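> Here it is, the structure in full.
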Amino acid sequence: MASLREIKKRIEATRKTSQITKAMNMVSASKLRKVEKKYHAFQPIKDEVERILLDVLSSNPETSFPLLEKREINKVGFILVASDRGLAGPYNSNVFKYFENLLKENDKDFIVGTIGYKAYRYCKKRKYPLLNKESISSRDEVKFIDFQAMSRAFIKLYLDKGVDKIVMVYTDYINTLTQNVVDQVLLPITDIVKSKVQVSDYVFEPGTEEVINQLLPIYLENTLYGIILDAKTSEHASRMTAMRNATDNAKDIIQKQNLIYNRARQAQITIELTDIIGGANAVN
């Protein structure tokens, strides 16, 4: 059985840990509210870009565009979104398990672009072919420009027929307790349905095709940015839940250790009293 000093040290160490996890829980809750507000504020912008693109496409329904055309798949590009740091519960491990299942189902060549240090290290360790040569940060203060280079690199790769399909793997935020790992096809763009609204009366400069070719990459970049905000919201929610659970577990451990400490202390007192009484009887 551990000594009283060891039990007391264990209680003190667990108490300090619970203070840290409680503070991290509060920080994650604050960051969650902030990024969730940013995510919802961005949706009208994304919807407006999609609306404009649909309207312009409806004015030229017969023209085909490379980013909208399906083709035979010989190579797949994956964009894997994880976090820079750990202590987020099963957030990263769930993404990696889902990604491994996708790879098992995929019998084609593939290349991976990673967002977040954990994703980069994971793919690097398994020697997967990487698009990015260094980690792309998934910092808490999400900036549009952080992922613009990644999206443009994949668009160029797709247009050059380096890949025939681009799939994004990330965690979708449902609520603070539920976040689901999903995959979404970015290219070819399959979720665009041509609008019934006709805008053929407008004159586009320099031309309809040029406008659409400019709008499609903007639409993709906005879609990617929205997904990153969604994933970051899930990360903070997962970390907040993990830290709350860690704090609750620490409190349970402290309670059990206090009980063990009191029992051990009571046993020690009983032994001391028995020795005293035994010594007194021996003297008498």
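> Taking the chain as a Gaussian network, where each spring joins two C-alpha atoms under 10 Å apart, which residue of Ile271, Ile228, Ile166 fluctuates the most?
Ile271
> Along the Cα→Cβ direction, 7 angstrom out, place labels at Asp109 and Lys16. What is the inter-label distance in nm?
So the label points at Asp109 and Lys16 sit 5.4 nm apart.
> Where both residues lie in segment 26-240, what percent of DSSP beta bridges are antiparallel, nearest 5?
If I count the DSSP bridges inside segment 26-240, around 40 percent turn out antiparallel.
> Let's test the formula: R0 of 51 Å, r as the Cβ-Cβ distance of Leu4 and Lys127. What FRET efficiency results, to the nearest 0.05? Working shown, then result.
On the way: r = 52 Å, r/R0 = 1.01.
Calculated transfer efficiency: 0.50.
> Given 25 °C and 0.890 mPa s, compute D for segment 26-240 with the Stokes-Einstein relation, Rh being the Kirkwood radius over Cα pairs; round to the nearest whole µm²/s.
Reported coefficient: 135 µm²/s.
> Oh, and also: Under 20 Å from a point 7 Å along the Cα-to-Cβ line of Leu159: which residues of segment 205-228 have their amide N that close?
Correct set: 205-225.
> Now, a different point. Can you give me the C-alpha center-to-center distance between segment 1-47 and segment 53-104, rounded to a whole angstrom?
Measuring centre to centre over Cα atoms gives 31 Å.
> If you don't mind, another one. Spin-label point model (7 Å from Cα, Cβ direction): what's the Ser135 to Thr178 distance in nm?
3.2 nm
> OK, next. At 7 Å along Cα-to-Cβ for each site, give me the label-to-label distance between Leu273 and Arg51 in nm.
About 8.1 nm separates the two model spin labels.
> At a Förster radius of 35 Å, what calculated FRET efficiency corresponds to the Cβ-Cβ distance of Glu100 and Leu259, to the nearest 0.05?
Calculated transfer efficiency: 0.25.
> Cross-link candidates for Lys125: which aspartates and glutamates have Cα within less than 20 Å, leaving aside residues fewer than 8 places away along the same chain?
Asp84, Glu100, Asp109, Glu134
> Same structure, new question: Return the single residue from Leu102, Leu131, Leu32 with maximal mean-square fluctuation; model: Gaussian network over the chain, springs between Cα atoms under 10 Å.
Leu102
> For every helix of n ≥ 4 consecutive DSSP H residues, a contribution of -39,500 (n - 2.57) applies; sum these over the chain, divide by its total residues, and give [θ] at 222 nm rounded to the nearest 500 deg cm²/dmol.
That calculation yields -21500 deg cm²/dmol at 222 nm.
> Under 22 Å Cα-Cα from Lys127, which lysines qualify once same-chain neighbours fewer than 8 residues away are excluded?
Hits, sequence-local ones excluded: Lys75, Lys97, Lys104, Lys108, Lys118, Lys165.
> Between Arg71, Arg85, Arg126, find the one with the highest GNM mean-square fluctuation for the chain; connect C-alpha pairs within less than 10 Å.
In this elastic network of the chain, the residue with the biggest mean-square fluctuation among Arg71, Arg85, Arg126 is Arg126.
Laboratory data are not the source of any read-out in this text; all were calculated from the coordinates shown. Keep in mind that this is a model prediction, so the values were computed, not measured. Counting neighbours? That spans all protein chains shown, and the Cβs are built from the backbone with ideal geometry, glycine included.
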